[in-house]
1. Inside segment 301-311, can you point out the residues that are part of a loop (DSSP other than H, G, I, E, B) and modelled with pLDDT of 70 or more?
2. Are there any pairs with C-beta distances below 9 angstrom linking a residue in segment 55-76 that is surrounded by fewer than 10 Cβ atoms within 10 Å (Cβ to Cβ) to a residue that is among the hydroxyl-bearing types (Ser, Thr, Tyr) and modelled with pLDDT of 80 or more, with the two at least 6 apart or on different chains, and if so which?
3. Given (1) modelled with pLDDT under 90; (2) assigned to a loop (DSSP other than H, G, I, E, B); (3) not aromatic (Phe, Trp, Tyr), identify the lone condition not met by residue 36.
4. Just to verify a result, which residue in segment 187-219, among those that are free of Cβ contacts under 8 Å to residues at least 40 places away in the same chain and part of a helix (DSSP H, G or I), is surrounded by the fewest Cβ atoms within 10 Å (Cβ to Cβ)?
5. When segment 395-428 is examined, which residues are found to be in a helix (DSSP H, G or I) and either of a type in the set (A, V, I, L, M) or within 42 Å of the chain's Cα centre (by Cα) (or both)?
6. Do you know which of the residues in segment 547-560 that are among the aliphatic types (A, V, I, L, M) and in contact (Cβ under 8 Å) with a residue 60 or more places away in the chain is farthest from residue 169 (Cα to Cα)?
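The values are calculated or read from the model by the stated rules, or taken from the named source; none is laboratory data. Just so we're clear, the structure is a prediction, and the values are computed from it rather than from any experiment. Using ideal geometry, Cβ is built from the backbone for each residue, glycine included, and neighbour counts are taken over all protein chains shown.
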Amino acid sequence: MPAKSAQHDEASAFTAPEQVNHRRYEALRAFFVDGLSHAEAGDRFGYTRWAMINLVRDYRNGKLTLFAPPRKPGRVPGSAPAKDRVRGRVIELRREGLSTYEISARLAAEHTPLNRTSVGEILAEEGFGRLLRHPQPAASTSPATHGRDTRLPRTARIDFQSWPTTTETGKAGLLLLVPDLVALGLPELVRRAGYPGTRLVPATSWLLSLLALKLTRTRRVSHVDDLLISDPAAALFAGLAVLPKKSALTEYSYRTEHDHQRRFLAALDARMIERGLATADNAIFDLDFHAVMHWGDDPALEKHYVPTRSQRARSVLTFFAQDSGTHNLIYANADITKSTQAREVIAFCDHWKTASGTDPAMLIMDQKVTTHTVLGELDNRGVTFLTLRMRSPTLMKHIDALTDTDFATVTLDRPGKFNRPKVHDATGIRLTGYPGTVRQLIVTGLGRDAPTVIITNDHDLPAKTLITHYARRMTIEQRLAEIIQAFHADALSSAVNLNVDLDIMLCVLAQALIAALRARLPGYATVTPDVLQRRFLETPGTITTSADTITVRLDRRAYSPVLRKADLPQDTPVPWWDNRTLRFEFS
């Protein structure tokens, strides 16, 4: 009798496959190649006759994918190795009755960190529902209120006597922004704005706690526990032993009022002028609205046009102003309704006069920002405006009647094929609701199908200069896209909401800080905020505390040479650290 071959012991992997797609393949092969009937092939591989009929039909119709498509080597797109490594442990801890917060903390203690959001995703994928806490201690091994761990540490002002001498952090780079916060005089700005404090937490620390969420790309205030549990740098940034919880941050945001934000921005703009982050002499500003989408069902919100959705939807209308010279945002307001939006340009003029002592020199805006009547008010104040005119049927007939001899060619100082537009420059144009006459520029050759019609009350500047000014206004749309991506200015909908007016003001402050840091870094004058966050603010390191000095040593990364050459101050006394000195070192 011949000896059994070694291959025979492993044949069951092919004759009795356990993997689903392998079993389907063998069943289909038996039907098509071996010529078995539906019933015979199904019986051999554990299918009923009708299941086999459906399997064959799906294969013939191309609805069956048996093999993975070819791809490049490396991690499978969409996979999450960090989640997969601890999936079994997460399930084990949930079966012990632990919440997502507690599981995240336990994983961090076991040196396999995973944030609360990812823990929740694993539990949802595995079919676990939310924990239902009951008043009886016996109902759970970890009794707590629904949805949160009551044993999370309470916030308080930082006590450097009990603060660790040395602590590791994943976001040591966040402290790179502290020198510019000090240079802007944040405590004085907060005092002048009149922001309220509490018995345990001063007003400056409240704002810094919320600002830390912006700068660390924490999308919603409900995700603050990921920072609260795992990273001491954000707490030190705010001058606290630990960040406040989400409910405390939300409650504080609604203690602030629009007047607080208005006074803060006025004081901030004055400091930005002193620091060169905004210009006072050549005060030219780009204006625009942005609708912050709300994904819930809130009847108190008005409907506004949301460009990303190409429809009107319930949203919060926000107004932004950008310094045309530095491209920095210097003003924002979310306290706007349809009845007041047309006069927001007047409110901005009042704001800038408070901050700088004079009205703006020029305002550049889209035609939907305000009305012809308000443009007349700007003209009476001596403010130059530059805006578009809507192309009515009458205006289009006038444009169509123009001949080539009515246009002059101008050369713009910019690259590309659309730098030699043709312009018809006319004065004495009357507008409905406007008390006087305006200058009108009809421009073709800018890469648009229809002519661009610009109206202004400036009768002296050359057409080339006016067209260039309006072309630069498009950068405000880029700036708004940047703050949405980096600071999550569109994250209005949440289980825990923030005061949107305060949230938008913090976006302006965050953008000013990023601009100040960008100016310190050689070669980074034009990068977007998210690049700075990713390359520098998220740098891990070590925080060492002595009697009067806090030394932040940043770990070596690919971009460490840039930080070594950066114009960072050597020693910075920080008021909310009891004037302890901040010092940086680089590995």
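1. Within segment 301-311, 301, 302 qualify.
2. Taking only residues 6 or more apart or on different chains, the pairs are 67/25.
3. With respect to (1) modelled with pLDDT under 90; (2) assigned to a loop (DSSP other than H, G, I, E, B); (3) not aromatic (Phe, Trp, Tyr), residue 36 is out only on (1).
4. So the residue we want is 191.
5. Of everything in segment 395-428, those that are in a helix (DSSP H, G or I) and either of a type in the set (A, V, I, L, M) or within 42 Å of the chain's Cα centre (by Cα) (or both) turn out to be 395, 396, 399, 401.
6. Per the criteria, the residue is 550.
Residues are listed down the side, and each one gets a yes or a no for (1) in contact (Cβ under 8 Å) with a residue 40 or more places away in the chain; (2) within 12 Å of residue 176 (Cα to Cα); (3) assigned by TED's automatic domain parsing to the domain that holds residue 203:
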residue	(1), (2), (3)
515	yes, no, yes
521	yes, yes, yes
538	yes, yes, yes
545	yes, no, yes
562	yes, no, yes
567	yes, yes, yes
573	yes, no, yes
579	no, no, yes
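Table: residues versus (1) charged (D, E, K, R); (2) in contact with a Phe, Trp or Tyr (Cβ under 8 Å, 6 or more places away or on another chain); (3) surrounded by 16 or more Cβ atoms within 10 Å (Cβ to Cβ); (4) not in a helix (DSSP H, G or I).
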| residue | (1), (2), (3), (4) |
| --- | --- |
| 503 | yes, no, yes, no |
| 508 | no, yes, yes, no |
| 532 | no, yes, yes, no |
| 543 | no, no, yes, yes |
